[in-house]
Amino acid sequence: MKIENKQLREFLLDANMVDKAKVDELFAQADQQGKQLGDLMLEQDLIKEVELRKLYAYILGIPFVNLEKETIPTDILQIIPEPIAKKYSIVSFEKDGNNLKVAMINPEDIQTIDFIRKKTGLKIIPCLTSFESIREVLKQYEKSLKAEFGDIISKNSEDVAEGESDEDLEKLSQDLPIVRIVDTLLKHAILQSASDIHIEPDEKEVRVRYRIDGVLHDAMILPKQVISGLVARIKVLSNLKLDEHRLPQDGRFKIEKEGYKISFRVSILPVFDGEKIVMRLLDESSKGLTLEKMGILGNSLEIIHRQIKRPNGMILVTGPTGSGKTTTLYTVMDILNQPEVNISTVEDPVEYRMQKVNQTQVNSKIGMTFAAALRSLLRQDPDIIMVGEIRDKETMEIALHAAMTGHLVLSTLHTNSAAGTIPRLADMGAEPFLVASTVNVIIAQRLVRKLCPDCRAEYKLQDKEIKTLEATFDMDGILKTLKKTPDISKKVQEKDKWGDLVIYKPQGCEQCHNEGYKGRVGIYEVLEVEEEIGKLITSNASTDEIEAKAREKGMHTMSEDGFVKIISGTTSIEEVLRVTKE
């Protein structure tokens, strides 16, 4: 699609959409580099893709359609076969008599329009759309999991026999119905953005569940006879021993297709009715997260950026399993990953592969523990060290000494709050003066589900609900904090009480599969170990005293950060209660 830069520039200036000086600067740059003016504007976030496409449609004199939230009837969608739709970024979305409306990225692609006209015998009316629209509609080509599985199982379950010997298992793992069942399971997990797949054998059936946004959902019940083939197939993919049924096994494999690259971390554990499989999905194609997108805002964000720029010291991320600690560390490493520094990690297991980072996998069976790997690593003079988790006294001591001797050390710990990390380190045998002089910042976090922006509903708290919440939270203290928080001070006026504030609750719509939630975000407390906090640590102060001093210095507790996200409409009270109640 060729729209002259000059044409676009004139329309932008006529519509007064972008500052004239900026448009002229980019116009000169586009001319010089032989690029499209629109592409440069998208790169610099000066215009949204949908707005730019609407402008293109206006210039070309054709309709623009946004199909991101539209559900297209299957019979109309299937008029253009999926391979054609994918290859040429074209989808059919409306049929009226002999007229077929198609949405496409390049409506000047006469060849494709002509091809579809000949194939269908219909009059084609091209409309311009956005890349996101095409992506969303292409997902609709996928049948629902139940329908697809119903087809496979009804046709093939009688062909799937349980394997008896290991030779049978080898054969069974290559069997067509089994291969199709596993492929379908993986494909739908990727489509639904699941983080884990659980395959659990029962007495009479096999239950498949997906973890989506941190919560497990039933995906499918399979007949019991498929379990041997299922386990064998996944063992073959993960390069595990087919004949080992009594011991746990861990492996991994990767799926690379157009548009995504997913790594699966596999854990197989013997249970009473067979072998249970859990697969963790790690999206290696996803663009780097930023601390802001993860939900770290305001003062907390400034503290973290300030502390990670220091050449030495320790940055600790704490929280329970599955609270996103590793993701936070990887995001920090991504910010620090510059050509002039050497970053090395010791992990168990290595979750994501990172370019230009030396990653070491722990293997305790052969004596490659966190402590042993860390000790060897220090001889290689890295600038930044990431230790997957501080599990024992030895690892903790080496990490603290590394932080003292000119290295920046990033690590995780299992504690409930930021201030609770200090006694946990003391409990492991750390000297208080060492902790005070080496730890730069402690980040405690939890993950909450985000409300679906398309269907969240406004409401106000009733007196009864406020009383219930007061039993768990210091509601008066939180309200005072909210009134001082710059990001949401417009929504919370000085005179407001809890009953006056507009908050949101989940409803459920097609976009979020009637869950009311879509995606996850973190809630955080960020404790900066500055001089006064350091003195308290050295004098063996209690957790409460350290927390009180940190709050005096402006630290938001996790509950307060949760309520900031409740008032801004990001999450619900139920979610914050779910993850913060002790």
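The values are calculated or read from the model by the stated rules, or taken from the named source; none is laboratory data. Please read all numbers here as calculations on a predicted model, not as lab measurements. Don't worry about glycine lacking a Cβ; one is built from the backbone with ideal geometry, like all the others, and counts go over all protein chains shown. These area figures cover heavy atoms from the full protein model, side chains too; ligands, DNA and RNA do not enter into them. Shrake-Rupley method; radii C 1.70, N 1.55, O 1.52, S 1.80 Å.
Taken over the stretch 529-581, the criterion of being of a type in the set (S, T, N, Q) and closer than 22 Å to Arg424 by Cβ is satisfied by Thr538, Ser539, Asn540, Ser542, Thr543, Thr557, Ser559, Thr580. Report the residue count in the stretch 291-306 for those that are touching a strand residue (DSSP E or B) at 6+ places or on another chain (Cβ under 6 Å), of a type outside the set (A, V, I, L, M, F, W, C) and either open to solvent by 10 Å² or more (accessible area, probe 1.4 Å) or at pLDDT 95 or above (or both). Matching residues across the stretch 291-306 total 1.
Total residues in the stretch 385-414 satisfying the condition of being buried (at least 20 other Cβ atoms within 10 Å of the Cβ) and not in a strand (DSSP E or B): the figure is 10. Residues in the stretch 485-499 that are in a helix (DSSP H, G or I) and at pLDDT 85 or above were compared, and the one that is surrounded by the most Cβ atoms within 10 Å (Cβ to Cβ) is Trp498. Residue check: Ile546 meets all listed conditions (1) within 21 Å of Leu301 (Cα to Cα); (2) open to solvent by less than 40 Å² (accessible area, probe 1.4 Å); (3) under 26 Å from the mean Cα position of the chain (by Cα) but one, namely (3). On the stretch given as the stretch 387-413, residues that are of a type in the set (Lys, Arg) and closer than 20 Å to Ile443 by Cα total 1.
The residue that is nearest to Ile105 (Cα to Cα), among those in the stretch 11-22 that are of a type outside the set (S, T, N, Q) and loosely packed, with under 14 Cβ neighbours inside 10 Å, is Ala15. Within the stretch 566-582, which residues are open to solvent by 10 Å² or more (accessible area, probe 1.4 Å) and within 17 Å of Pro506 (Cβ to Cβ)? Correct list: Ser568, Thr570, Ile573, Glu574, Leu577, Arg578, Val579.
Being surrounded by fewer than 21 Cβ atoms within 10 Å (Cβ to Cβ), within 28 Å of Thr327 (Cβ to Cβ), within 27 Å of the chain's Cα centre (by Cα) and of a type in the set (Asp, Glu) is a description that does not apply to Asp427.
Looking only at residues in the stretch 340-372 that are among the acidic types (Asp, Glu) and more than 11 Å from Val387 (Cα to Cα), which one is surrounded by the fewest Cβ atoms within 10 Å (Cβ to Cβ)? This residue is Glu340. Restricting the stretch 190-208 to residues that are open to solvent by less than 50 Å² (accessible area, probe 1.4 Å) and not in a strand (DSSP E or B), the residue that is farthest from Thr321 (Cα to Cα) is Ile190.
Kindly check whether there is at least one residue in the stretch 322-335 that is of a type in the set (A, V, I, L, M), over 19 Å from Leu447 (Cα atoms) and surrounded by fewer than 21 Cβ atoms within 10 Å (Cβ to Cβ). Yes: the stretch 322-335 contains one or more residues that are of a type in the set (A, V, I, L, M), over 19 Å from Leu447 (Cα atoms) and surrounded by fewer than 21 Cβ atoms within 10 Å (Cβ to Cβ).
Within the stretch 269-284, if we keep just the residues that are open to solvent by 50 Å² or more (accessible area, probe 1.4 Å) and under 22 Å from the mean Cα position of the chain (by Cα), the residue that is farthest from Arg353 (Cα to Cα) turns out to be Arg280. State whether one or more residues within the stretch 370-384 are in a strand (DSSP E or B) and free of Cβ contacts under 8 Å to residues at least 12 places away in the same chain. Scanning the stretch 370-384, I find no residue that is in a strand (DSSP E or B) and free of Cβ contacts under 8 Å to residues at least 12 places away in the same chain, so the answer is no.
Among residues belonging to the stretch 438-460 that are among the charged types (D, E, K, R) and assigned to a strand (DSSP E or B), point out the one that is farthest from Arg578 (Cα to Cα). Explain how you work it out, then say what you get.
Taking the stretch 438-460 as the starting set, the residues that turn out to be among the charged types (D, E, K, R) are 446, 449-450, 454, 456, 458, 460.
When the remaining residues are screened for being assigned to a strand (DSSP E or B), the result is 446, 449-450, 458.
On the way: Arg446: 10, Arg449: 10, Lys450: 13, Glu458: 20 Å.
Per the criteria, the residue is Glu458.
Looking at the structure I just gave you, is Tyr459 surrounded by 18 or more Cβ atoms within 10 Å (Cβ to Cβ) and over 30 Å from Lys309 (Cα atoms)? When the stated conditions are applied, Tyr459 does not pass them. Ser376 meets the stated requirement of being over 19 Å from Thr321 (Cβ atoms), of a type in the set (Gly, Ala, Ser) and either under 24 Å from the mean Cα position of the chain (by Cα) or surrounded by fewer than 16 Cβ atoms within 10 Å (Cβ to Cβ) (or both).
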